[in-house]
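What follows is one structure encoded as structure tokens, with my remarks underneath.
The values are calculated or read from the model by the stated rules, or taken from the named source; none is laboratory data. What you see is a predicted model, and the numbers here were worked out from it, not measured in a lab. Here Cβ is always computed from backbone atoms with ideal geometry, including for glycine, and neighbour counts include all displayed protein chains. To get the accessible areas, we keep the full protein, side chains included, count just its heavy atoms, and leave off ligands, DNA and RNA. Shrake-Rupley method; radii C 1.70, N 1.55, O 1.52, S 1.80 Å.
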Amino acid sequence: MTETTVAPPKPVVVEEGKPQKGWAGQNVPRKEDKRLLQGEGVFFDDIKRHEMGYVHFVRSPYAHARIKSVDVSKALELDGVYGTLTGDEVAILTDPFFELSVKPGADMKDYALAVGKVRFVGEPVAAVVAATRDLARDAAQLVEVDYEPLQPLVDARVAQSGGAPVLHEEAGSNVVWDGTFDWGDWEAAAAEADHVVKIKELHFDRFSSTPLECSGCLVEYNRGTGQWTMYCNHQMPGVGAIWMAPAMRVGIDKLRFVTQDIGGGFGNKICLHPYFVACCLLARKLNRAVQWTEWRTDQHTANAHGNERWFQDIEVAVKADGTLLGFKVKALDDCGAFPRYEPLGCIIWAQVTPGCYRWRHIRVGFTQVVTNKSPVSPNRGYSRMQHLWLTERIIDVVAHELGLDPVQVRKKNYVKHEEFPYETPNGCVYDSGDYARCLDIALDLVDYKKIEEKRVDAEARGKLFGIGIGSTLDSGTNNFGQSMILNPELQFSGNNEVATVKLDIFGEIVVTLGTVPQGQSHETTSAQVVSDILGCSPADVTVRAGHDTYWNSHAGFSGTYASQFAVTGLGAVKGATDMLAGEMKQLAAVVLGCAPDDIELADGTARMKANPEAALPFMALGAILNANNAGLPEDLNITLNCRYVYRPPFEKPDLERKYGNLTLTYATQIHACVVEVDPDTGVYEIVDYAAVDDCGKRIHPQIVEGQVHGATAQAIGAATHETFPYDEDGNLLTPNFYDYHVPHALDMPPMKTGYIESESPFTSLGAKGMGEGGGAGIHAVCAALQDALSSRGRPIVTDSCNPYHRVWSLLQDPAASRAGVEVVSR
Amino acid sequence: MAATAPVGGKTVTVRVNGTTYEREVEARRLLIHFLRDDLDLTGSHVGCDTGNCGACSVLYDGTLVKSCMLLAVQADGASIETVEGLAEGDELNDLQQAFGAHHALQCGYCTPGMLMSATALLREKPHPTEDEIRKGIQGNICRCTGYVNIVEAIKSVGA
């Protein structure tokens, strides 16, 4: 059992004055800020090389077509064009990227450029390199591609039907992966239930976090060594290299990834390998540095969407008193034209199989299919968000249909504080938390006790009034062994992250990370952890900005993704710093003539505990070992340059039962949303909003709260406006920020935050990964809308995204949304 | 489809953050690309291709503009202020300091444009209300912060 602390329900403020010892837990100034506030950050697009060429991709205007010919001759005739690359060349020079899936997905061939066919609008068909961005774009227009259009597939629900076009003929099917997950005893639960609530279909929309900086890279090829350097914004270089190197038929050491500042990632910068391979081939072919910056419209059209998912034939077993026994569902996931990071989304959801609830009987039939849409990639809340939206929708539909109070249904069925660590039906271990307490704080923040008064007031103004709750978990630190549940042949399991910490000649403390931050403040929080161990100030600690393969501070899973830095990244920093502290004590003991245990590190010195005046400043230690080491004992085996690989304690899962611990930590988000709806137009406003977070020990409360704000804003955007709809020909209807409306400052509701700290018993700092959130805002908005509309024919919210026109439709025809809902009572 | 041949160049003289630059530019050169690629002032960013995101916001003769919506030739003779001109030497100005203190930036990509919009707002309205602040930055998209701390930072400067 871990200690839980209730905090005052007000936003964290910057603390004034000099922080005391115990830097972790304080709001120290961010190390990243000074350069970013002066426009002195270095984003990949800021980097230039002499005579570099600009890359522009020729992209498919068709969702599905056969490529009959590609003619680049006219483009090559244009002055200032350096060269081109086509799919035919790519097919000769590279092998298809390896696929994670078993068959049929395993047989889907994915190259850097389209080979033989195009499968989504915007798919790169050829690339042109020229002296300027504009010239490259001009030249791309001169590339002549002859297409034979094919019937597009845009609805995942017909992907397996007889007349459906098959995207990947080699696979012989549009199915990437399918399987059944069956835990507990669904039939027994249904037999025991007093009510079985049935829901025909729910739909989780396509959207993405759309980082403000688009993707890209500057690639240099060193002919002498055969190595490529990519100055880029890839957020998971460890896995990126594992994809790229075999496809390019080179050793992994030939690929160097360098990042400094990245303008947001949110998962959308994980699947950049096709573009980067094309750029690498061009840099080698043209013997010239090449630079590619994705255009915003290309980012929306062709880079990375979040997974779209249909939930069908849902059945929920409920006792008369509101106790939930279990559910079964068929999940149909639409991953777009190529699997890429998929089918991992077919298992990642299982990290949070029961959501926040104690039901034990769960059966999920999961199928993933390809369609002629943009490929997906992980997107903030990846795969768990879709599943948690299902569990939250189930709670609110059940409460709605059985006339139960959604607050009480949640409290009755939440995993209880005293039950942690809690093993879920599929073997995951929820480490700590207090969901009911978080819910109480959220309700207090929206003044729930007066909610009926507020409802009356809103109705007097002609508005429909609703409140909704979103209860989610942000599971962090993956056990990549879960991939073996999808494909037993895969050789991935566990997880790791690396840091090095060194004491240099003049006493500099220098930290390098394997992570790839995109705004998550890794430099700052690392310095807090280091300074606590070494007895100095964060200002004394230099944390190198970004990631560089040449630093040798990375491992196979290095990157910044899946809410894990506070566990894996800081775990590595702590491990390396503990090693360094031990070595500094050893050295000081030799110099001062005592035992290492007699030494303490404090005030920037290594000193004798019994005689603090016998002290060596860090500078002396660094200088002695690095530059003045004659006479040191032979057996003093230290380097003052310590590398540590953090490895969480995971076992491989039981593949037969699809059972095991899939993630190490589970942060909690409980949100409450209050809406007012205009009954004539469907226009609604979020009039009050509270987000309560529990991520265990907070290393830097202000940074944690900033992540909560950001995740909430993205969820509200996804719930209200952000969607990637396609027309019947496979054209994306919201291909840039003109049509794809993300929240602006005026769109954001007043946001209140609260927190508790349930420290994780499984991590070295008691911290949990956080940042992604579980999409709690999407669930809360959907629930609030359903509550608000219930007096108008009791419609059911069946879609995750509810722009005004969809709310208007629910008001006009509530029966249509109810047609798929049925309660069978004993 | 035939490409449009670029129209010939023109010499422009632009004052940026107090320094005068003279450059030959293509007629179709956008002001943002002129700043970033010709002058190597990479603090102003590009986040979209439709004028929606505001990452490229700069002041043009004191007026807030999106520099992707202007051609470089339109800036001939103008005085431009960018994020690089805000600090006094190495000393951050009040607005920059407030952004840091309130954690009003995460990835920092929208920040230069956001700072320039806030600068324009505070010159016009030294003590803006929250509503005026939100209107003042409505042309700037931030995907990290939900705007909460950005609004607080600007509010603290105008208090």
I need the full set of residues from the range A:800-816 which are touching a Leu at 6+ places or on another chain (Cβ under 9 Å) and over 13 Å from A:G682 (Cβ atoms), in order please. A:S800, A:A816
Pick from A:L570, A:L616, A:L636, A:L601: which is assigned to a helix (DSSP H, G or I) and open to solvent by less than 30 Å² (accessible area, probe 1.4 Å)? A:L570
Tell me, yes or no, whether the range A:238-245 has at least one residue that is part of a strand (DSSP E or B) and either surrounded by 24 or more Cβ atoms within 10 Å (Cβ to Cβ) or without any contact (Cβ under 8 Å) to a residue 12 or more places away in the chain (or both). no
What about B:A87, is it of a type outside the set (V, I, T) and touching a residue at least 60 places away in the same chain (Cβ under 8 Å)? no
Of everything in the range B:59-70, what is in contact (Cβ under 8 Å) with a residue 40 or more places away in the chain and either under 11 Å from the mean Cα position of the chain (by Cα) or surrounded by fewer than 19 Cβ atoms within 10 Å (Cβ to Cβ) (or both)? Give them in sequence order. B:L59, B:G62, B:T63, B:L64, B:K66
Please count how many residues of the range B:127-147 are crowded, with 24+ Cβ neighbours inside 10 Å and either free of Cβ contacts under 8 Å to residues at least 12 places away in the same chain or aromatic (F, W, Y) (or both). 2
Is the range A:273-280 home to any residue that is away from chain B (no Cβ under 14 Å), open to solvent by 20 Å² or more (accessible area, probe 1.4 Å) and touching a strand residue (DSSP E or B) at 6+ places or on another chain (Cβ under 9 Å)? no
Pairs, first within 18 Å of A:C782 (Cβ to Cβ) in the range A:811-826, second assigned to a helix (DSSP H, G or I) and among the charged types (D, E, K, R), C-beta under 9 Å, six or more apart: A:V821/A:E401
Of all residues in the range A:281-320, which are among the small types (G, A, S) and surrounded by fewer than 24 Cβ atoms within 10 Å (Cβ to Cβ)? A:A289, A:A320
Conditions (1) open to solvent by less than 60 Å² (accessible area, probe 1.4 Å); (2) touching a strand residue (DSSP E or B) at 6+ places or on another chain (Cβ under 8 Å) -> A:R643 fails only (1)
So, A:T229, is that one within 19 Å of the chain's Cα centre (by Cα) and under 30 Å from B:T111 (Cα atoms) or not? no
Is it the case that the range A:498-512 has a residue that's surrounded by fewer than 24 Cβ atoms within 10 Å (Cβ to Cβ), of a type in the set (V, I, T) and in the same structural domain as A:H779 (by TED's automatic domain parsing)? no
Just need a number here: residues in the range B:19-33 that are within 14 Å of the chain's Cα centre (by Cα) and within 12 Å of another protein chain (Cβ to nearest Cβ). 3
Looking only at the range A:418-432, which residues are in contact with a helix residue (DSSP H, G or I) (Cβ under 7 Å, 6 or more places away or on another chain) and either of a type in the set (S, T, N, Q) or assigned to a helix (DSSP H, G or I) (or both)? A:N426
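Conditions (1) out of contact with any strand residue (DSSP E or B) (no Cβ under 9 Å at 6 or more places or on another chain); (2) at positive phi; (3) hydroxyl-bearing (S, T, Y), marked per residue:
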{"position": "B:G77", "(1), (2), (3)": "no, yes, no"}
{"position": "B:L86", "(1), (2), (3)": "yes, no, no"}
{"position": "B:D90", "(1), (2), (3)": "yes, no, no"}
{"position": "B:P112", "(1), (2), (3)": "no, no, no"}
{"position": "B:L115", "(1), (2), (3)": "no, no, no"}
{"position": "B:K135", "(1), (2), (3)": "yes, no, no"}
{"position": "B:V151", "(1), (2), (3)": "yes, no, no"}
From the list A:V397, A:V364, exactly one residue is among the hydrophobic types (A, V, I, L, M, F, W, C) and assigned to a helix (DSSP H, G or I). Which is it? A:V397
What number goes with the only condition from (1) modelled with pLDDT under 95; (2) in contact with a Lys or Arg (Cβ under 7 Å, 6 or more places away or on another chain); (3) of a type in the set (D, E) that A:D603 does not pass? (2)
Among helices (runs of 4 or more DSSP H) entirely within the range A:71-189, at least 1 residues that are at pLDDT below 95, of a type in the set (D, E, K, R) and touching a strand residue (DSSP E or B) at 6+ places or on another chain (Cβ under 9 Å) occur in A:133-141
May I ask you to list the residues in the range A:718-768 that are without any contact (Cβ under 8 Å) to a residue 60 or more places away in the chain and either facing chain B (nearest Cβ under 10 Å) or in a strand (DSSP E or B) (or both)? A:Y738, A:D739, A:H741, A:P743, A:H744, A:A745, A:L746, A:D747, A:M748
On the basis of being more than 14 Å from chain B (Cβ to nearest Cβ), surrounded by fewer than 22 Cβ atoms within 10 Å (Cβ to Cβ) and either within 30 Å of A:S791 (Cβ to Cβ) or free of Cβ contacts under 8 Å to residues at least 12 places away in the same chain (or both), does A:K463 make the cut? yes
(1) free of Cβ contacts under 8 Å to residues at least 40 places away in the same chain; (2) in a loop (DSSP other than H, G, I, E, B); (3) surrounded by 22 or more Cβ atoms within 10 Å (Cβ to Cβ): which one isn't true of B:L105, the others all being true? (1)
Just to check your reading of the model, which residue among A:V70, A:V102, A:V28 is under 26 Å from the mean Cα position of the chain (by Cα), at negative phi and open to solvent by 30 Å² or more (accessible area, probe 1.4 Å)? A:V102
Which one of these is more than 13 Å from the chain's Cα centre (by Cα) and more than 7 Å from chain A (Cβ to nearest Cβ): B:T129, B:T119, B:T145? B:T129
Check the range A:91-98 and report whether any residue there is within 26 Å of the chain's Cα centre (by Cα) and open to solvent by 30 Å² or more (accessible area, probe 1.4 Å). yes
Mind checking which pairs have a first residue in the range A:198-212 that is closer than 19 Å to A:V329 by Cβ and a second that is in a strand (DSSP E or B) and open to solvent by less than 10 Å² (accessible area, probe 1.4 Å), Cβ under 6 Å, 6 or more apart or different chains? A:I199/A:I314; A:L202/A:F311; A:F204/A:R309
Restricting to the range A:705-727, what's the tally of residues that are charged (D, E, K, R), under 18 Å from the mean Cα position of the chain (by Cα) and either closer than 16 Å to A:P743 by Cβ or open to solvent by 20 Å² or more (accessible area, probe 1.4 Å) (or both)? 1
Does B:G54 count as more than 14 Å from chain A (Cβ to nearest Cβ) and small (G, A, S)? no
